[in-house]
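I have placed the structure first, in the form of structure tokens, so that the comments after it can refer back to it.
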Amino acid sequence: MKIAVASGKGGTGKTTVASSLFSVWPELSAAIDLDVEEPNLHIFLGPDPRRLKTVWLEVPELDEERCTYCGLCSQLCQFKAISIFDGVGLTFPEMCHACGGCFQICPAGALKVVQREIGSIHGNQRFLMGRLRVGEAMSPPLIRAVRREAERIFDPSMDLIIDAPPGVSCPAAAAVRDTDFILLVAEPTPFGCHDLKLAHQAFEPFGIPMGVAINRSGIGDDEIYNYCSGKGLEIMAEIPFDRAVAEAYSFGRIVARFSEKMGSIFRILADSIRRKVLQHQAK
Amino acid sequence: MDKIAVSAQSPDLDGPMDQRFGRAAGFLIIDPETMESEYMDNGSSQVLAQGAGIQAAEMVAKSGAKAVISGFVGPKAFRILQAAGIRIVHGLKDMTPRQAVELFKNGQLEYADAPARPEDGI
Ligand code: SF4
Ligand code: SF4
């Protein structure tokens, strides 16, 4: 089964939860860091992952000799990566999502495929992550490439714990889509509740079972609890705020290994997630 | 004299200019001799998640204007305007399209040779 750990915004403790969940997961599993702009899960999991491959996008380059400036490619491209008008033709490789449409539609064979590097994939036997090239904005294709790599190298019987990028836009959607469970991590403050709502609404259309882990419980107010109970969102774990835990985390230690109490919170969480997924699959 | 496109917040020659280029409300295409103007709405670029500058630049290029006056022309729009042979004046603010064109006619504005940088504002 594939479990995505996500949150409406960064800094809620998503990586704390993902690394802990992975460390207590009772079945053979692999961890995947899809927060490709700022991957940091490996800091907790060590040893340093090896660079496995470079990820390229196939983007168009215009052959001005052949182009008839018919404009078909630029009308087709929904990302504005090609601009054609009155004998002027320009491509914007940094806008191109590599859908391949323009190559197919061009009647003159005037678009050449060129490779553009967007990032790299790193990993070891139990871990995989993507790292976006500095200055690059196109993260969804890299996220999809890391997921394809996971399908390729990990045994299908292994469970996958996915650290999704924060937020609710395309990168986060690319990371949680086609998983078996989405665990939303949130803090019990008014802002935390707002971000949880956004994430819940954004991911609901995927039809994937969801649950909530509340991080730093004990701070803030009841709003998030009311929202969850109103929406039938189960709160599956509450991770208490503890200064010693925060400190251990800042030194790269896995929180579930910090104390017996923390360990048992995450073991119970892992069990309830597995039960929910199996129930859902049985239906 | 060739027509000039000025990014504007409204169709009014004496209304406020729009400092933005890609996400400008619209463009006034002005004939500098007669000061006759035509307004092109840029709402369809404003709503784009990305590529607003590209779409706005294409629109201005198709209008036949040979110069653009705006506040902030980014790198992608700059490339298109340059390729279309349109000259660019940017960095202007706090004036009306009419005032901008007057300055232009008096030769008081300089053409830009590079796109605006993000740190230049907006
Ligand atoms: S490959 Fe797709 S996204 Fe890229 S330029 Fe062609 S049509 Fe646009
Ligand atoms: S579809 Fe081909 S021929 Fe037509 S404008 Fe695009 S590149 Fe040129």
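The values are calculated or read from the model by the stated rules, or taken from the named source; none is laboratory data. Since we're looking at a predicted model, the values are computed, not measured. Using ideal geometry, Cβ is built from the backbone for each residue, glycine included, and neighbour counts are taken over all protein chains shown. What goes into the accessible areas is simple: the full protein's heavy atoms, side chains included, and nothing from ligands, DNA or RNA. Shrake-Rupley method; radii C 1.70, N 1.55, O 1.52, S 1.80 Å.
222 nm [θ] for chain A, helices only, -39500 (n - 2.57) per DSSP H run of 4+, per residue, to 500?
That calculation yields -10500 deg cm²/dmol at 222 nm.
Per-residue accessible area for A:Cys106 at 1.4 Å probe radius, Å² rounded to 10?
My reading of the accessible area for A:Cys106 is about 30 Å².
In Å², and per residue, what accessible area does chain B have when probed at 1.4 Å with the other protein chains present?
So chain B comes to 48 Å² accessible per residue, rounded to a whole number.
Picking from A:Val88, A:Ser20, A:Leu41, whose Cα lies most toward the positive end of the charge dipole for the range A:1-158 (charges on Cβ: Lys, Arg +1; Asp, Glu -1)?
A:Ser20
Residues of the range B:30-66 with accessible area at least 30 Å² lower in the all-protein-chain context than alone (1.4 Å probe)?
Hits at the 30 Å² cut-off: B:Gln50, B:Ile54, B:Glu58, B:Lys62.
Which residue, B:Ala84, B:Ala65, B:Ala56, tops the fluctuation ranking in a GNM of chain B built on C-alpha contacts under 10 Å?
B:Ala84
Once you order the gyration tensor axes a ≥ b ≥ c over the Cα atoms, which shape class does the range A:225-282 get: rounded for a/c under 1.5, otherwise prolate or oblate by comparing a/b with b/c?
Because a/c hits 1.5 or more and a/b fails to exceed b/c, the range A:225-282 counts as oblate.
First compute the accessible area of chain A with a 1.4 Å probe, then give the percent of it belonging to carbon and sulfur atoms.
50 percent
To the nearest whole number, what is the average tally of beta carbon atoms from other chains within 10 Å of the beta carbons of peptide A:71-78?
The per-residue average across the peptide is 1.
Before I look further, what does the range A:146-232 give for accessible area per residue, probe 1.4 Å, in whole square angstrom?
43 Å²
For the interface of B with A, what's the total buried accessible surface in square angstrom, probe 1.4 angstrom, rounded to the nearest hundred?
That pair of chains buries around 1200 Å² in total.
Of all DSSP beta bridges located in chain A, what percent are antiparallel, nearest 5?
Of all bridge pairs located within chain A, approximately 45 percent are antiparallel.
Indicate the gyration tensor shape class of chain B (rounded, prolate or oblate), computed on the Cα atoms with a ≥ b ≥ c the square roots of the eigenvalues: a/c under 1.5 is rounded; otherwise a/b larger than b/c is prolate and the rest oblate.
Rounded, since a/c falls under 1.5.
Per-residue mean of other chain beta-carbon atoms within 10 angstrom of the beta-carbon, peptide A:81-91?
Per-residue shielding by partner chains comes out at 5.
Taking the Cα centre of the protein assembly as shown as the origin, how large is its charge dipole in debye, to the nearest 20, when only Lys and Arg (+1) and Asp and Glu (-1) carry charge on their Cβ atoms?
1280 debye
Go through A:His122, B:Ser63, A:Tyr227 and say which Cα lies farthest out towards the positive end of the charge dipole of the protein assembly as shown; charges sit on Cβ, +1 for Lys and Arg, -1 for Asp and Glu.
A:His122
Arrange the peptides A:212-220, B:91-99 so that the one whose residues have, on average, the most other Cβ atoms within 10 Å appears first.
Taking the mean over residues of other Cβ atoms within 10 Å, the ranking is A:212-220, B:91-99.
Dipole size in debye (nearest 20) for the range B:4-116 around its Cα centre, Lys and Arg Cβ +1, Asp and Glu Cβ -1?
Result for the range B:4-116 is approximately 480 debye, rounded to the nearest 20.
Please work out the Cα center distance from the range B:42-72 to the range A:95-122, rounded to the nearest Å.
Value for the Cα centre distance between the two parts: 25 Å.
Could you pull out every Cys in chain A that lacks a partner Cys with its beta carbon under 4.7 Å away?
A:Cys67, A:Cys70, A:Cys77, A:Cys96, A:Cys99, A:Cys106, A:Cys170, A:Cys193, A:Cys228
What percentage of the solvent-accessible surface of the range B:4-116, computed with a 1.4 Å probe over protein heavy atoms, is contributed by carbon and sulfur atoms?
Within the range B:4-116, the accessible surface is 45 percent carbon and sulfur.
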